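J.: Here it is, the structure, as structure tokens.
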Amino acid sequence: MSKPSLPQGTRDFGPEVVRKRQYIFNTIRSVFELYGFQPLETPAMENLETLMGKYGEEGDKLIFRILNNGLENPDKHQQARADFEKVLEGKNVKGLTERALKYDLTIPFARYVAMNHGQLTFPFKRYQIQPVWRADRPQKGRYREFYQCDADIVGSNALLNEVELTNIYNEVFTQLGIADYELRINSRKILTALAEFCGGADKMIDITIAIDKLDKIGLDKVKAELAQRGLNDEQIATIEKYLNISGTNEEKLQLIKSLIGHLETGKKGIEELEFVNRSRSEAGAIGNLIIDFTLARGLNYYTGIIFEAKAPATVKIGSIGGGGRYDDLTGLFGVPNIPGVGISFGVDRIYDVMEELKLFPEGVYTGTQVLFFNMGASESTTAFSAMQSLRKQGVRCELFHEPAKMDKQFKYAEKKNIGFIVIIGSQEVQNNTGVIKNLKTGTQETVSLANLTNKLFI
RNA sequence: GAGGUUGUAGCUCAGUUGGUUAGAGCGCUAGAUUGUGGUUCUAGAGGUCGUGGGUUCGAAACCCAUCAUCCUCCCCA
């Protein structure tokens with residue numbers, strides 16, 4: 001028999017890791033709740049057609065498909081073979097894969113809103129913390145199963161929502177101790193305006209893909225890629241001017257105005273950024289918010305402000321969250337005119353960042369507080385009831401599972417990082433007492449069992 | 001989808017130009033110690049050298065294939 005193993009890109013989480021992850025989840029959840037968001041959960045799988053075509057051509061390839069059951073039924077063989085031929089041609093066939101694992105939380109949410117818009121009170125603010133799956137090749141900071149934590153507001157065009165979301169980022173990262181994060185924002189409208197100004201509105205996607213790589217490959221290579229994607233010299237020169245915009249947020253806004261402020265779309269995009277930037281500084285939230293005109297983001301349903309939260313530059317992990325506004329997400333599901341804006345936290349990457357920067361507080365490691373020694377079959381019944389009275393007080397305790405040498409029980413307590421032990425042996429049973437020992441300081445005292453619940457095990 | 005890296009004990013890793021019985025540290029079990037842990041000392045258990053094939057008198061080492069892993073590009077959280 002071969003050794004057991006995990007599917008590529010998936011992980012088990014041991015007790016310590018789960019505690020740390022829960023610390024992150026709890027922080028994010030409590031901030032979402034604080035800002036008035038309501039929880040939602042959707043199934044692990046969706047109908048394939050719900051997901052297909054929503055994430056671009058590349059995205060479609062990364063969707064995990066689920067093979068239909070029952071294909072072994074002889075009656076279906078002929079159809080299955082025909083369907084399989086089509087799959088080999090790169091087509092999607094319902095007969096073979098009707099369902100797929102969800103790829104993100106936004107599209108299932110849009111599907112939910114489209115199905116329930118009659119019942120929902122708008123604006124509907126929901127948060128969602130669930131795993132998603134991508135058939136990507138795993139590497140550093142990239143997994144095939146990972147969690148997303150999303151907060152979205154649908155049914156409101158107000159830019160106040162964007163401001164709220166930037167505050168959520170700030171609150172969460174501050175609480176987690178990732179103070180040096182960067183929140184980059186841009187507006188898709190500015191990118192649209194740039195494409196228009198270059199005379200090629202149809203080139204928008206080519207332009208954004210290329211300029212998004214600026215900090216990775218440098219200006220020259222971006223220009224080369226633009227040329228390769230069919231932009232002429234004049235257009236590239238305009239884009240270069242655009243990319244060279246720098247300075248404070250206010251300075252950048254001034255410069256972009258002179259470049260594309262005369263275009264209707266550009267003007268709108270600039271107003272959006274100005275509003276968020278101003279509101280945020282008026283609210284006293286300082287630093288960290290950086291207007292970045294090279295930010296593009298892949299998902300093509302964004303239409304307004306887009307966000308990207310980046311880890312401190314010292315850890316090479318990059319994006320730890322992202323989001324943006326979409327004017328008409330549910331339109332894909334036949335319910336038009338419901339705008340929305342949302343953000344997402346990438347917990348798995350946040351974990352890696354916190355691990356690297358050693359940001360987890362001591363408190364997350366605590367498990368059992370008190371171990372009761374097992375000093376024999378009859379002694380342990382006294383220990384057991386003493387333990388139950390402590391548990392009633394909310395003290396986390398356990399009784400060693402069998403009578404054993406004290407040496408062994410001590411070592412167990414030490415390995416599990418248990419702070420206190422209580423010894424109730426034959427002498428103690430006789431005197432109705434117990435010995436409490438603090439394993440960190442090495443001090444111990446004898447107390448009456450009635451008094452045990454008054455002790456603090458911290 | 002393209003390219004590269006690594007695979008030896010539970011874990012981290014040595015292993016010389018191919019040469020006898022494959023090693024170390026940590027961990028594990030037992031004892032020194034039958035009511036006081038961490039330290040120390042002693043002993044012990046634990047290996048299809050990722051898998052399959054080939055070259056060779058002889059392979060953990062060389063060759064081919066395969067699987068897994070990690071990383072880079074693409075794209076993304």
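The values are calculated or read from the model by the stated rules, or taken from the named source; none is laboratory data. Remember, predicted model here, so these are calculated numbers, not experimental data. All Cβ positions, even for glycine, are placed from backbone atoms using ideal geometry, and neighbour counts span all protein chains on display.
J.: It is to be established whether one or more residues within segment A:366-377 are away from RNA strand B (no atom under 12 Å from the Cβ), within 30 Å of A:LEU48 (Cβ to Cβ) and not small (Gly, Ala, Ser).
T.: Looking through segment A:366-377, none of the residues is away from RNA strand B (no atom under 12 Å from the Cβ), within 30 Å of A:LEU48 (Cβ to Cβ) and not small (Gly, Ala, Ser).
J.: Could I ask something else about it? Going through A:LEU194, A:LEU231, A:LEU243, A:LEU263 one at a time, which residue ends up being over 21 Å from A:ILE306 (Cβ atoms), touching a residue at least 24 places away in the same chain (Cβ under 8 Å) and hydrophobic (A, V, I, L, M, F, W, C)?
T.: Testing whether each residue is over 21 Å from A:ILE306 (Cβ atoms), touching a residue at least 24 places away in the same chain (Cβ under 8 Å) and hydrophobic (A, V, I, L, M, F, W, C) leaves just A:LEU231.
J.: Those residues that are more than 9 Å from RNA strand B (Cβ to nearest atom) and assigned to a loop (DSSP other than H, G, I, E, B), I need them from segment A:134-158; list them, please.
T.: A:GLY155, A:SER156, A:ASN157, A:ALA158, listed by residue number.
J.: Right, next: State whether the residues of segment A:397-418 include one that is within 16 Å of RNA strand B (Cβ to nearest atom), over 37 Å from the mean Cα position of the chain (by Cα), acidic (Asp, Glu) and not in a strand (DSSP E or B).
T.: Checked segment A:397-418: at least one residue is within 16 Å of RNA strand B (Cβ to nearest atom), over 37 Å from the mean Cα position of the chain (by Cα), acidic (Asp, Glu) and not in a strand (DSSP E or B).
J.: On to the next question. Please specify each residue of segment A:53-82 satisfying the condition of being within 30 Å of A:LEU332 (Cα to Cα) and out of contact with any Gly (no Cβ under 9 Å at 6 or more places or on another chain).
T.: Matches in segment A:53-82: A:LYS54, A:GLU57, A:LYS61, A:LEU62, A:ILE63, A:PHE64, A:ARG65, A:ILE66, A:LEU67, A:ASN69.
J.: If you don't mind, another one. Being in contact with a Leu (Cβ under 8 Å, 6 or more places away or on another chain) and within 15 Å of RNA strand B (Cβ to nearest atom): is that true of A:VAL341 here?
T.: So A:VAL341 fits the description; yes.
J.: Still on this structure, please answer the following. Which of the residues spanning segment A:444-458 are more than 44 Å from the chain's Cα centre (by Cα) and either more than 20 Å from A:LYS416 (Cβ to Cβ) or loosely packed, with under 12 Cβ neighbours inside 10 Å (or both)?
T.: A:GLU445, A:THR446, A:VAL447, A:SER448, A:LEU449, A:ALA450, A:ASN451
J.: I would also like to ask the following. For segment A:317-334, enumerate the residues that are among the hydrophobic types (A, V, I, L, M, F, W, C), away from RNA strand B (no atom under 13 Å from the Cβ) and either on the phi > 0 side of the Ramachandran plot or at pLDDT below 90 (or both).
T.: A:LEU329, A:LEU332
J.: For segment A:353-393, which positions are under 30 Å from A:ALA309 (Cβ atoms) and of a type in the set (Gly, Ala, Ser)?
T.: Selection gives A:GLY363 alone.
J.: Just checking, which of A:GLU145, A:GLU225, A:GLU196 is farther than 28 Å from A:LEU62 by Cα and not basic (Lys, Arg)?
T.: A:GLU196
J.: Which of the residues spanning segment A:419-430 are more than 6 Å from RNA strand B (Cβ to nearest atom), farther than 18 Å from A:GLN388 by Cβ and touching a residue at least 12 places away in the same chain (Cβ under 8 Å)?
T.: Listed by number, the list holds a single entry, A:GLY419.
J.: All but one of (1) farther than 21 Å from A:ALA210 by Cα; (2) in contact with a Ser or Thr (Cβ under 8 Å, 6 or more places away or on another chain) hold for A:ILE305; state the number of the condition that does not hold.
T.: A:ILE305 satisfies all of (1) farther than 21 Å from A:ALA210 by Cα; (2) in contact with a Ser or Thr (Cβ under 8 Å, 6 or more places away or on another chain) except (1).
J.: Confirm whether A:GLN393 is away from RNA strand B (no atom under 13 Å from the Cβ) and modelled with pLDDT of 95 or more.
T.: So A:GLN393 fails the test.
J.: Give the residue that is modelled with the lowest pLDDT, with candidates limited to residues of segment A:200-259 that are of a type in the set (Lys, Arg) and closer than 16 Å to A:LEU295 by Cβ.
T.: By that ranking, first place goes to A:LYS216.
J.: Something else now. If the Cβ limit is 8 Å and pairs must be 6+ apart or interchain, which residue in segment A:292-317 that is within 30 Å of A:ASN337 (Cβ to Cβ) pairs with which residue that is more than 10 Å from RNA strand B (Cβ to nearest atom) and among the small types (Gly, Ala, Ser)?
T.: A:GLY304/A:SER187; A:GLY304/A:GLY269; A:ILE305/A:SER187; A:ILE306/A:SER187
J.: Which condition number does A:ALA296 fail, the rest of (1) near RNA strand B (Cβ under 9 Å from one of its atoms); (2) touching a Gly at 6+ places or on another chain (Cβ under 7 Å); (3) closer than 26 Å to A:ASN244 by Cβ being met?
T.: Every condition holds for A:ALA296 apart from (2).
J.: Using the structure shown, decide if A:LEU183 is part of a helix (DSSP H, G or I) and either touching a helix residue (DSSP H, G or I) at 6+ places or on another chain (Cβ under 6 Å) or of a type outside the set (S, T, N, Q) (or both).
T.: no
J.: Residue check, A:GLY363 against (1) assigned to a loop (DSSP other than H, G, I, E, B); (2) at pLDDT below 90, all met but one. Which one?
T.: (1)
J.: Can you list the helices (runs of 4 or more DSSP H) found entirely within segment A:217-303 that contain at least 3 residues being over 32 Å from the mean Cα position of the chain (by Cα) and surrounded by fewer than 18 Cβ atoms within 10 Å (Cβ to Cβ)?
T.: Because the criterion is at least 3 residues that are over 32 Å from the mean Cα position of the chain (by Cα) and surrounded by fewer than 18 Cβ atoms within 10 Å (Cβ to Cβ), the helices (runs of 4 or more DSSP H) in segment A:217-303 that meet it are A:219-228, A:233-243, A:249-260.
J.: Sticking with this structure for a sec: Out of all the residues in segment A:159-170, is one or more in a helix (DSSP H, G or I), of a type outside the set (Gly, Ala, Ser), surrounded by fewer than 19 Cβ atoms within 10 Å (Cβ to Cβ) and without any contact (Cβ under 8 Å) to a residue 12 or more places away in the chain?
T.: No, segment A:159-170 contains no residue that is in a helix (DSSP H, G or I), of a type outside the set (Gly, Ala, Ser), surrounded by fewer than 19 Cβ atoms within 10 Å (Cβ to Cβ) and without any contact (Cβ under 8 Å) to a residue 12 or more places away in the chain.
J.: May I pose another question? Which of the residues spanning segment A:186-216 are in a loop (DSSP other than H, G, I, E, B) and not small (Gly, Ala, Ser)?
T.: A:CYS198, A:ASP212, A:LYS213
J.: Can you give me the number of residues within segment A:55-66 that are touching a Leu at 6+ places or on another chain (Cβ under 9 Å) and within 16 Å of RNA strand B (Cβ to nearest atom)?
T.: 7
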